[in-house]
Amino acid sequence: MHEAEPGGKRADRGYEDSEVSAGRLLAFAGGVVALIVLGAALSAFVFHFFVARQPLGPPASPFENVRELPPEPRLQTNAPRDLKNYEVAQEKLLGSYGWVDPQAGVVRIPIERAMELSLAKGYPVRAQSTGVPVGWASNPGGGSGTLPRANERDARAPASAPEEGKP
């Protein structure tokens, strides 16, 4: 609602100018400035007080507190280089002869030589007719309890195999 001004006129300005006091506005601004100045003066006083009562001492030397490395294990600083060094060391172990356990007589041989020995020695095979591996407990002939080697299997094979088409 619009209120009428003294003299019968209506105020259509949207704000009130009768309650604004320039003196109060200047007093508030002066108070804010006084608080800022007082705070700065108090801070300067406290700073000079503590400088006089608690001196800082000589300036710190950059070599005075040298950092020592932490104990092992440390974090990796260059992971790709560490991985390459590890791979090289593993390749060296896998391609060389050496003792694993001298007391037990266990040795390490290169992978290529181990594959050659495995091929020369032969692998265990199963019997073709029964589906049960030769040498197991169900073997009617008894047996040693181990699978035969390739050369043993060839020795037990029949001398001649039936020809195709004939029973």
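The values are calculated or read from the model by the stated rules, or taken from the named source; none is laboratory data. Just so you know, these numbers come straight off a predicted model, no measurement behind them. Every residue, glycine among them, receives a Cβ derived from its backbone with ideal geometry; neighbour counts consider all protein chains shown.
Of the residues contained in region 30-48, none is found to be of a type outside the set (Ser, Thr, Tyr), at negative phi and within 23 Å of the chain's Cα centre (by Cα).
Condition first: surrounded by 10 or more Cβ atoms within 10 Å (Cβ to Cβ) and modelled with pLDDT of 90 or more. Now tell me which residues in region 67-84 satisfy that. Give the derivation first.
Just the residues of region 67-84 that are surrounded by 10 or more Cβ atoms within 10 Å (Cβ to Cβ), to begin with: 76, 81-84.
Residues satisfying the conditions are 81, 82, 83, 84.
Could you list, in sequence order, the residues of region 85-107 that are assigned to a loop (DSSP other than H, G, I, E, B) and either among the acidic types (Asp, Glu) or exposed (fewer than 10 other Cβ atoms within 10 Å of the Cβ) (or both)? Even if it seems obvious, please write down each step before you answer.
Step one: list which residues in region 85-107 are assigned to a loop (DSSP other than H, G, I, E, B), which gives 95-97, 102-105.
Within region 85-107, 97, 102, 103, 104, 105 qualify.
Just so you know, in region 21-66 the residues that are hydrophobic (A, V, I, L, M, F, W, C) and not in a helix (DSSP H, G or I) include one that is surrounded by the most Cβ atoms within 10 Å (Cβ to Cβ), and it is 60. So, in region 98-129, exactly how many residues are modelled with pLDDT of 90 or more and touching a Leu at 6+ places or on another chain (Cβ under 6 Å)? Total satisfying the criteria: 1.
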